[in-house]
1. If Lys and Arg each add +1 and Asp and Glu each add -1, what is the summed charge of the other residues whose beta carbon sits under 12 Å from the beta carbon of C:LYS75?
2. For region A:1-49, state what percent of all Cα-Cα pairs lands in each successive 5 Å bin, counting from 0 Å until the bin that includes the largest distance.
3. Whose amide H sits under 5 Å from the amide H of C:VAL57, counting only residues 5 or more places off or on another chain, with H placed in the peptide plane?
4. Any idea of the accessible area per residue across chain A, 1.4 Å probe, to the nearest Å²?
5. On a 21 Å Cα-Cα criterion, which of the cross-link pairs C:LYS2/C:LYS24; C:LYS169/C:LYS279; C:LYS169/C:LYS203; A:LYS341/C:LYS24; A:LYS334/A:LYS452 come out too long?
6. Determine the calculated [θ] at 222 nm for chain C from helices alone, applying -39500 (n - 2.57) to every DSSP H run no shorter than 4 residues and normalising by the residue count; nearest 500 deg cm²/dmol.
7. Would you tally the net charge around A:GLY225, using a Cβ to Cβ cut-off of less than 13 Å, leaving A:GLY225 out, and scoring K and R as +1, D and E as -1?
8. Distances over 19 Å make up what percent of all Cα-Cα pairs in region A:26-87?
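The values are calculated or read from the model by the stated rules, or taken from the named source; none is laboratory data. Please read these numbers as outputs of a predicted model, since none were measured by experiment. Cβ coordinates were reconstructed from backbone atoms using ideal geometry, including for glycine residues, and neighbour counts include every protein chain displayed. For the accessible areas, the whole protein counts, side chains as well, though only heavy atoms, and no ligand, DNA or RNA atoms are used. Shrake-Rupley method; radii C 1.70, N 1.55, O 1.52, S 1.80 Å.
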Amino acid sequence: MSTEWLYLAAAVLFIVGIRDLSSAETARRGNLLAACGMILAIIGTMQHGLIVQWGWIAVGMVAGGVIGLMMAVFMPMTAMPERIAIVNGLGGAASGLVGICEVIRHVIMRPEGSTAPEFSAFHMGVAGLEIMLGALTFTGSMVAFGKLKGLISSKPMTYPGQNVVNVLWLLTMVGLIIGLVTGDLNPVFFFVLAGMALLFGVMFVLPIGGADMPVVIAMLNAYSGLAAAATGFVLSNKVLIIAGALDGSSGLLLSLLMCRAMNRSLTNVLFGAVGGTTGGVTGSDELQGDPQSISAVEAAERLFDARRVIIVPGYGMAAAGAHFAIREMADVLKERGISVKYAIHPVAGRMPGHMNVLLADANVPYDDLVEMDEINPEFPNTDVALVMGANDICNPAARTAEGSPIYGMPILDVDLAAQVIVIKRSMSPGFAGIPNELFVAPNCAMLFGDGKQVAEQLIEALSL
Amino acid sequence: MVVLVLAFLSPGLLLAHESTPPQAAAPEHGVDGSELLILLYIFVLASFLGYQLILRVPPLLHTPLMSGTNAISGISLVGSLVAAGLSEPLICNVLGGVAVGCAMCNVVGGFAITDRMLAKFRKGGR
Amino acid sequence: MKVVVPRELAPGETRVAATPRTVKRMDRAGLMVHVESGAGDASGITDAEFTEAGATVIEDRAALFAGSEIILCVKPPGPETLTQIPSGAVLIAVLDPLIEHEVVTQLADRGVSAFSLDMVPRIARAQSMDVLSSMSTLTGYQAVLLASMALPGIMPYLTTAAGTLHPSKVLVLGAGVAGLQAIATARRLGALVWGYDIRPVVKEQVESLGAEFLELIDTSDAAEDAGGYAREQSHDQAAAQQRAMTTHLAQMDAVITTALIPGRDAPILLTTEMVEAMKPGSVIVDLAAERGGNCELTRPGENFTSDGGVTILGPLDLHCSVPAHASLMYANNVVNFLLHVCRDGRIDVESDDEVVRGTLVTSGGRVVHERVLEVLGATNS
């Protein structure tokens, strides 16, 4: 019975943990509480009647724990989405394997006299779900990892009719489950289902562009939660169900929220690439590669570690009315001993002196504004260049692309900074109407959103 | 999306009424109609709870939240432990052991990554 | 090559086509700069400063022009000066060639290769040579200062023990470079500012400076041409616009108009009736005065008060009232242009370069610029 009480405590800790994760002051504590909940759940499971041998458990836990810890500690912070993708995939794999194990135990090996009781029709169903969700989460997450890391092309891979094929594939898998439930299909079809699901994970994620991966990962996270919940139904384990359901629904809602913050609909992100109707983020075909997109949290971290920051304002900052927020953000950075300057390009904005007027209005000291010829030599020594709504004035095409409308125009050498963060609403082109090569440079990350709101988020993150 | 999830469950709901009578000797699979119903209640309530908890998350915290809930999905560790620790069959132990390794990665890695992400915030400020 | 910078003789012209900084740049490029004595006086630059920068200062105009290969001016040389310029020399100035036909013909007859900087194409890399932008920046700013001095009250909102001073309301018509700068300056002075332009794309730009865009009726079809300039409206469009505008005008304290059409007379934005609807004590600053004015009542070069008590200012060459910065910007435009077209010590007038083709008006004894030829042909036929 103590197992059940420990499970209850674990469930409470998960709930409180997630609640705390939603608020900036309590976020770290929330993570800790959830981890404690997990420990309680593990202890509770250890007392389970069915566990009799510890060898495999020990090996698995040590190996997994060490690898997990090393991944968290040694992979660079800029590779965060990749790490989340991998560990999520592994979680899905675990669910899938458990499902297969249960099927073997309760169904396939039965005639040979296994001691396990027979599976009811319900069990067949949820086992099928578990295997399907676990498998597709595993491969889907691996593909997401590949796209983020550049191992797989981050461009959406599409072919005509792809969405139809995917839907049919999904329906076939559901049909298999139903068949297994009614007993019409031989249990060996569980393995067929597993195979189809593994493929489906790949098919589902391939047509989504690299810049949308964070949303995909959030969804796959939800699916791995649902897989865990399905496992809970198979094993009649309440903590699995609760944790899995919490994870599943919060993950799905999170994907929706992330899409909204990017100003796109979920269906557009998941299915939009097929037929060439990409909505904006991955829409630029002429660029070699896909832009990397980060969140305000990640941007704040990069700013934390910087010693020298240059802000590059452009017309976007003016249109968003973000100059006050930018100045506040600069103040916060300065309080931490970071040097902040503003690089003012001669034709930034839509009138001469556009930036000067606004920044003066926001009380930025004149000394902080530096003109192009003076500030260009400093970019190579700069840790972070924060581009706020500027486009053509930092497009490297101006240096080399003869025939480009901006060829020959002197630009700010933003690409020479160690890291570049571009704050922009979308990938739409600037005044000259051409794509900007800076956005797909390896040292550049895009932070999509409204300039003023993003600046305010950064202030919040930096002030914690 | 909640609708989709419920749709998946409906076959299960229908089948619950057809499920076989309880197997008394199997404490871990005591699925009779009422127990199943309780599990379903728990699932539905937990789903709505998860939804509500996330409604007011500021965009700033999207990524840490994703990372944290990802770690929680490593709860599949619980099922893996059982599979790995069974007396027999061996194939289950092996698969279970691998599953334990995977799930541990998810759990340990997930919580550690989230903590690293959030640690910077405390160290920084005023 | 011998580069010559004469003193500007046109009455009221205070600018000079070079500054010590630009002289240094030309010097480094291997050009020999000769400046007429006293050329920089009106802009506050002494002969000594020019000499220190590497130029040779010459007193006698004939000696200045003898053997000159490149001549940098603000306004084109008059007929007398023209006789002193060697045939085959290159002239860089602001010619206003679509209007000043006589000047163009004289230059052609003299065999001078003339570049006109007000014809610089509006492409990204030529922005540093754009004279119209530079001067408009200054006139837009100055217009607001003129308006503020002519107003019977102050611009900002003040609540004091001696009563509350309500902010002035300023309307800027035309949101090009001059208009936007006027909006920004009026905002800095604390006024309530509205901006209006027939190009709807400009709405965001106006709002980005903290002003409101005046919504009249929808005249959005092709209001902007390929060069980014506003197209002339049809009669009906103009009439409807005027009617809608009048109600707003009645509330304004100051109206600044900046609408110009390249090579044509300025469009009339304020009719006599519209001015009569404005309140006594209000001010109109017409920056299009030199092209006839945006207001029917404008007297170019004069300031006066209408019967209804509206003060109408029609300043000419407003940039000349800030000669230090006007010369600084103009000289920079000139040297940026010069160093762009001058390669290996010579200027290739046959070059395909977009900037050269866009600005070269005369060469080899005849007019070569397409648009200028069109206009000349039209007036001759």
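1. Working: positive: C:ARG7, C:ARG15; negative: C:GLU8, C:GLU13, C:ASP96, C:GLU100, C:ASP118, C:ASP317.
Combined, the nearby Lys, Arg, Asp and Glu give -4.
2. 5, 28, 25, 17, 12, 8, 4, 1, 0
3. So C:VAL57 has HN proximity to C:VAL35.
4. Details: 16720 Å² over 464 residues.
Result: 36 Å² per residue.
5. Numbers: C:LYS2/C:LYS24 14 Å; C:LYS169/C:LYS279 12 Å; C:LYS169/C:LYS203 18 Å; A:LYS341/C:LYS24 29 Å; A:LYS334/A:LYS452 19 Å.
From C:LYS2/C:LYS24; C:LYS169/C:LYS279; C:LYS169/C:LYS203; A:LYS341/C:LYS24; A:LYS334/A:LYS452, over 21 Å: A:LYS341/C:LYS24.
6. Numbers: 13 runs with 132 residues, N = 381.
Computed ellipticity for chain C at 222 nm equals -10000 deg cm²/dmol.
7. Values: positive: none; negative: A:GLU130, A:ASP247.
So the surrounding residues net to -2.
8. Values: 983 of 1891 pairs.
Summing the P(r) of region A:26-87 above 19 Å gives 52 percent of all pairs.
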